[in-house]
Amino acid sequence: MARDLNQVIFVAGHRGMVGSAIVRRLKAVGYNNIVTADRDQLDLLDQSAVRDFFEKARIDQVYLAAAKVGGIHANNSFPAEFIYQNLVIQTNIVHAAHSKAVQRLLFLGSSCIYPKHADQPIEESALLTGVLEQTNEPYAIAKIAGIKLCESYNRQYGRDYRSVMPTNLYGPNDNFHPENSHVIPALLRRFHEAKQREDAEVVIWGSGRPMREFLHVDDMAAASVHVMELDRETYESHTQPMLSHINVGSGIDCTIRELAETVANVTGFSGRLIFDSSKPDGTPRKLMDVSRLRRLGWEASISLQDGLRDAYAWYIDNVEKARS
């Protein structure tokens with residue numbers, strides 16, 4: 001698709017880690033008509049408010065990055081909020097986009113859509129082939145519904161609504177809360193605080209053997225814009241009927257031990273790393289198959305070490321300084 005830098009682009013969820021990265025990427029490549037709305041300006045759970053917003057904004061493209069997100073504890077504690085709010089947000093936006101003749105939309109999902117015991121690396125065709133991870137099943141069901149929502153509007157109305165499924169993301173604007181953050185921000189904060197206290201060791205749950213894949217959010221944003229800008233024929237030639245989503249990841253994984261050692265190096269923690277094997281490990285491996293995305297001409301470019309340095313610098317500038 002020829003790049004039209006004057007198109008009106010709505011980024012839903014622009015305050016979040018992914019949405020803010022997409023805004024940065026769009027501005028970097030020259031788009032100059034980016035529309036955003038804070039929560040006090042637009043309640044995405046309010047169908048009529050979303051419809052009115054689309055009526056007034058005259059939007060050409062949508063990046064649907066708005067979602068209720070959280071770690072295992074939050075998903076376990078508030079399953080009703082996770083399935084309800086995500087279903088409503090994405091339904092309101094997709095239907096309003098269609099109603100106002102917005103032809104192109106990108107829906108951002110999650111790798112948790114795949115079965116708990118999917119073959120590794122996980123191909124897009126693994127969707128709906130097995131049982132989901134129970135701890136975040138309501139969130140995953142909502143994201144699967146989002147994929148099928150986009151597919152259905154494409155099938156029935158000829159829309160061009162695309163879906164990308166990212167692996168584990170990290171970077172600026174991540175959630176560094178001590179109780180409900182994901183593994184990278186949790187480790188960055190824990191090692192930083194241990195260094196400040198001059199602790200002799202840091203204890204990490206599990207054996208350290210499980211393998212995980214991580215992607216810097218700026219790479220995710222670059223991939224999102226790349227996928228959005230593909231000609232429709234090119235995009236559809238790399239997907240299949242009823243299988244319209246594309247995995248986004250680095251294609252490289254590492255053990256939790258290797259991740260912890262890299263975080264220790266980045267934060268300057270020089271003590272011992274203790275792995276508590278009495279604590280659960282979770283799934284042994286979770287790696288996305290990103291061959292489709294590579295065939296579409298995009299690969300990740302930010303190494304884990306460089307990405308962790310960037311995330312740590314953001315934490316120091318935006319979280320630590322705010323606490324001090």
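The values are calculated or read from the model by the stated rules, or taken from the named source; none is laboratory data. Just so it is clear, the structure is predicted and the values come from calculations on it, not from any experiment. A quick note on method: Cβ atoms are made from the backbone with ideal geometry, for glycine too, and the neighbour counts reach across all protein chains shown.
Select, from VAL29, VAL11, the only residue that is touching a residue at least 12 places away in the same chain (Cβ under 8 Å) and either buried (at least 20 other Cβ atoms within 10 Å of the Cβ) or more than 17 Å from SER224 (Cα to Cα) (or both). Even if it seems obvious, please write down each step before you answer.
On the way: VAL29 fails: either buried (at least 20 other Cβ atoms within 10 Å of the Cβ) or more than 17 Å from SER224 (Cα to Cα) (or both).
So the residue among VAL29, VAL11 that is touching a residue at least 12 places away in the same chain (Cβ under 8 Å) and either buried (at least 20 other Cβ atoms within 10 Å of the Cβ) or more than 17 Å from SER224 (Cα to Cα) (or both) is VAL11.
Kindly establish whether ALA67 is touching a residue at least 24 places away in the same chain (Cβ under 8 Å), surrounded by 15 or more Cβ atoms within 10 Å (Cβ to Cβ) and part of a loop (DSSP other than H, G, I, E, B). Explain how you work it out, then say what you get.
On the way: touching a residue at least 24 places away in the same chain (Cβ under 8 Å): yes; surrounded by 15 or more Cβ atoms within 10 Å (Cβ to Cβ): yes; part of a loop (DSSP other than H, G, I, E, B): yes.
Spelling it out, ALA67 is indeed touching a residue at least 24 places away in the same chain (Cβ under 8 Å), surrounded by 15 or more Cβ atoms within 10 Å (Cβ to Cβ) and part of a loop (DSSP other than H, G, I, E, B).
Could you check ARG189 against (1) out of contact with any strand residue (DSSP E or B) (no Cβ under 6 Å at 6 or more places or on another chain); (2) under 23 Å from ILE122 (Cα atoms) and say which number it fails?
(2)
Working carefully through the options ASP281, ASP306, find the one that is loosely packed, with under 15 Cβ neighbours inside 10 Å, out of contact with any strand residue (DSSP E or B) (no Cβ under 6 Å at 6 or more places or on another chain) and at pLDDT below 95.
ASP281
If the requirement is being at pLDDT 95 or above, closer than 25 Å to SER110 by Cα, touching a His at 6+ places or on another chain (Cβ under 6 Å) and not basic (Lys, Arg), which of these qualifies: VAL23, VAL18, VAL50? Even if it seems obvious, please write down each step before you answer.
Numbers: VAL18 fails: touching a His at 6+ places or on another chain (Cβ under 6 Å); VAL50 fails: touching a His at 6+ places or on another chain (Cβ under 6 Å).
When all the criteria are applied, what remains is VAL23.
Restricted to the range 34-44, and to residues that are surrounded by 15 or more Cβ atoms within 10 Å (Cβ to Cβ) and in contact (Cβ under 8 Å) with a residue 12 or more places away in the chain, which residue is farthest from GLN90 (Cα to Cα)? Walk me through how you get there before you give the answer.
Of all residues in the range 34-44, those surrounded by 15 or more Cβ atoms within 10 Å (Cβ to Cβ) come to 34-37, 42-44.
Still in the list and also in contact (Cβ under 8 Å) with a residue 12 or more places away in the chain: 34-37, 44.
Numbers: ILE34: 19, VAL35: 17, THR36: 16, ALA37: 15, LEU44: 9 Å.
Among those that are surrounded by 15 or more Cβ atoms within 10 Å (Cβ to Cβ) and in contact (Cβ under 8 Å) with a residue 12 or more places away in the chain, it is ILE34.
Could you list all residues from the range 108-153 that are assigned to a helix (DSSP H, G or I), among the hydroxyl-bearing types (Ser, Thr, Tyr), closer than 29 Å to HIS98 by Cα and touching a residue at least 40 places away in the same chain (Cβ under 8 Å)?
Those that are assigned to a helix (DSSP H, G or I), among the hydroxyl-bearing types (Ser, Thr, Tyr), closer than 29 Å to HIS98 by Cα and touching a residue at least 40 places away in the same chain (Cβ under 8 Å): SER111, SER125, TYR139, TYR153.
Just need a number here: residues in the range 49-64 that are part of a helix (DSSP H, G or I) and either buried (at least 17 other Cβ atoms within 10 Å of the Cβ) or in contact with a Gly (Cβ under 6 Å, 6 or more places away or on another chain) (or both).
Let us first name the residues in the range 49-64 that are part of a helix (DSSP H, G or I), namely 49-57.
Keeping just the survivors that are either buried (at least 17 other Cβ atoms within 10 Å of the Cβ) or in contact with a Gly (Cβ under 6 Å, 6 or more places away or on another chain) (or both) gives 50, 53-54.
Here the count works out to 3.
Of the conditions (1) touching a Phe, Trp or Tyr at 6+ places or on another chain (Cβ under 7 Å); (2) of a type in the set (S, T, N, Q); (3) surrounded by fewer than 16 Cβ atoms within 10 Å (Cβ to Cβ), THR234 clears all except one; give me its number.
Status for THR234: all satisfied but (1).
Is the range 210-221 home to any residue that is under 24 Å from GLY268 (Cβ atoms), among the basic types (Lys, Arg), out of contact with any helix residue (DSSP H, G or I) (no Cβ under 7 Å at 6 or more places or on another chain) and modelled with pLDDT of 95 or more?
Within the range 210-221, none of the residues are under 24 Å from GLY268 (Cβ atoms), among the basic types (Lys, Arg), out of contact with any helix residue (DSSP H, G or I) (no Cβ under 7 Å at 6 or more places or on another chain) and modelled with pLDDT of 95 or more.
Have a look at LYS143, LYS148 and point out the one that is over 14 Å from the mean Cα position of the chain (by Cα), basic (Lys, Arg) and either surrounded by fewer than 20 Cβ atoms within 10 Å (Cβ to Cβ) or closer than 17 Å to VAL18 by Cα (or both). Reasoning before the result, please.
On the way: LYS143 fails: over 14 Å from the mean Cα position of the chain (by Cα).
Within the list LYS143, LYS148, the selection yields LYS148.
Just the residues that are modelled with pLDDT under 95 and among the small types (Gly, Ala, Ser), please, taken from the range 149-204.
Hits for the range 149-204 are SER181, ALA186.
Can you tell me which condition VAL266 does not meet? The list is (1) of a type in the set (A, V, I, L, M); (2) buried (at least 21 other Cβ atoms within 10 Å of the Cβ); (3) under 26 Å from LEU26 (Cα atoms), and all the others hold.
(3)
Do any strands (runs of 3 or more DSSP E) lying entirely in the range 225-324 carry at least 1 residues that are free of Cβ contacts under 8 Å to residues at least 60 places away in the same chain and charged (D, E, K, R), and which ones are they?
Numbers: elements: 245-248, 253-255, 272-276.
Passing ranges, in order: 253-255.
Anything in the range 179-188 that is over 12 Å from ALA260 (Cα atoms) and either in a helix (DSSP H, G or I) or touching a helix residue (DSSP H, G or I) at 6+ places or on another chain (Cβ under 6 Å) (or both)? List them, or say none.
Just the residues of the range 179-188 that are over 12 Å from ALA260 (Cα atoms), to begin with: 179-182.
Residue satisfying the conditions is ASN180 alone.
Of everything in the range 293-314, what is more than 18 Å from the chain's Cα centre (by Cα) and over 14 Å from HIS216 (Cβ atoms)? Give them in sequence order.
Hits for the range 293-314 are ARG294, ARG295, LEU296, GLY297.
Across the range 77-107, which residue is farthest from ARG232 (Cα to Cα) among those that are modelled with pLDDT of 95 or more and not in a helix (DSSP H, G or I)?
The residue in question is LYS100.
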